[in-house]
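The values are calculated or read from the model by the stated rules, or taken from the named source; none is laboratory data. The structure displayed is predicted, hence computed values, not measured ones. Here Cβ is always computed from backbone atoms with ideal geometry, including for glycine, and neighbour counts include all displayed protein chains.
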Amino acid sequence: MPVLDSRIVTYSPAYTLVPTYECFNRCTYCNFRAEPGKSPWLTLTDAQNKLRTFQDQGVCEILILSGEVHPHSSRRQGWFQRIYDISELALSLGFLSHTNAGPLSYEEMAQLKTVNVSMGLMLEQLTPRLLQTVHRHAPSKIPELRLQQLEWAGKLKIPFTTGLLLGIGETQEDWWDTLDAIANLHSCYGHIQEVILQPHSPGSQQTWDAPAFNPHQLPEVIAKARQILPSDITIQIPPNLVPDANWLLACLDAGARDLGGIGPKDEVNPDYPHPNYQELNKIMEPARWNLVPRLPVYPQYDQWLTQRLQIAVERWRKAIG
């Protein structure tokens, strides 16, 4: 994990697979979802073909990012099995999987733990006020449901990534309350690897008419978050959503130390292409920041993994150096 007095910034060489874009939630700021039944599921054959093209390109992390099938739907088991099978396939081809598929049951999380080195779920914001606005038609955005997910991850010893979505109708106090909740859970279980601070960035598919979160505010949010969160939680910012190089560097100066998964496409924010390593390094190098790759699991969590996953991780640690 990067330490704050170092000049190291990490990123994950990643590729995203989407089992399905369909989602029973209808968050009004979403630029990802499709209506249930309107998005074909990714087949294992197609997943394998996509993965094989990245086997010799230095891609380590396979982010399995899915829309959600309702927990009581007759299709839920098939949906979950597809996510598990894609995770297993990625592992068998030499990749390390990280799944973010919305709230899962305790049993589903326990099963995915055997084929994923880490998992994630954005808290977004814990204020129930958003259930009357942007989350009015999003049953899985109930704050208690998402907090429960983080607690289960801790009990299951799953290295976990969570985060805040900034600028969706919350207040500054809501930011600090959400960060406090993350810090408290981490103090119990020690399982939060990263907290993402993601500014709302309007896209072409969303129905909500609201301005972007001002990225110039990010450094002060990061600095406060750094005070609230334990030092062993890394703060991550998405560089494609902070297009001004000077403000990106200001975010690092404020305490951010990770840029997340960098791959061909940001599926959540498809209107904002990811910069590649070379573009980022042109920004980092003159400011004496050292941009280095990392795995989707931090070293302090290796012992939480199954033996099979530990072997795969050790192979990647030697490859990345």
Of the numbered conditions (1) without any contact (Cβ under 8 Å) to a residue 24 or more places away in the chain; (2) touching a His at 6+ places or on another chain (Cβ under 7 Å), Lys157 satisfies every one except a single condition; which is it? (1)
Which of the residues that make up the stretch 285-313 are part of a helix (DSSP H, G or I) and not aliphatic (A, V, I, L, M)? Glu285, Pro286, Pro299, Gln300, Tyr301, Asp302, Gln303, Trp304, Gln307, Arg308, Gln310
Among the small types (Gly, Ala, Ser) and surrounded by 22 or more Cβ atoms within 10 Å (Cβ to Cβ): does that describe Gly120? yes
Kindly indicate whether any position in the stretch 67-78 is of a type in the set (Ser, Thr, Tyr), in contact (Cβ under 8 Å) with a residue 12 or more places away in the chain, closer than 23 Å to Leu112 by Cα and surrounded by fewer than 16 Cβ atoms within 10 Å (Cβ to Cβ). yes
Residues in the stretch 60-81: is at least one touching a strand residue (DSSP E or B) at 6+ places or on another chain (Cβ under 7 Å) and in a helix (DSSP H, G or I)? no
Pairs where the first residue, in the stretch 143-154, is in contact (Cβ under 8 Å) with a residue 24 or more places away in the chain and part of a helix (DSSP H, G or I) and the second is acidic (Asp, Glu) and surrounded by 19 or more Cβ atoms within 10 Å (Cβ to Cβ), C-beta under 9 Å, 6+ apart: Arg146/Glu124
Val9 fails exactly one of the following numbered conditions: (1) hydrophobic (A, V, I, L, M, F, W, C); (2) more than 27 Å from Asp232 (Cβ to Cβ); (3) under 18 Å from the mean Cα position of the chain (by Cα). What is the number of that condition? (2)
Report, by residue number, each residue of the stretch 80-94 that is buried (at least 20 other Cβ atoms within 10 Å of the Cβ) and touching a residue at least 60 places away in the same chain (Cβ under 8 Å). Arg82, Ile83, Ile86, Ala90
Scan the stretch 212-233 and give yes if some residue there is more than 26 Å from Thr28 (Cα to Cα) and of a type in the set (Asp, Glu), otherwise no. yes
Scan Leu130, Leu165 and give me the residue that is part of a helix (DSSP H, G or I) and either within 19 Å of Thr28 (Cβ to Cβ) or modelled with pLDDT under 95 (or both). Leu130
Subset of the stretch 263-305 [under 14 Å from Arg7 (Cα atoms), among the aliphatic types (A, V, I, L, M) and surrounded by 16 or more Cβ atoms within 10 Å (Cβ to Cβ)]: Ile283, Met284, Leu291
Hey, among the residues in the stretch 158-172 that are over 17 Å from Val195 (Cα atoms) and out of contact with any strand residue (DSSP E or B) (no Cβ under 8 Å at 6 or more places or on another chain), which one's surrounded by the fewest Cβ atoms within 10 Å (Cβ to Cβ)? Thr171
Under the condition of being under 13 Å from Pro19 (Cα atoms) and outside any helix (DSSP H, G or I), which residue from the stretch 39-55 is modelled with the lowest pLDDT? Ser39
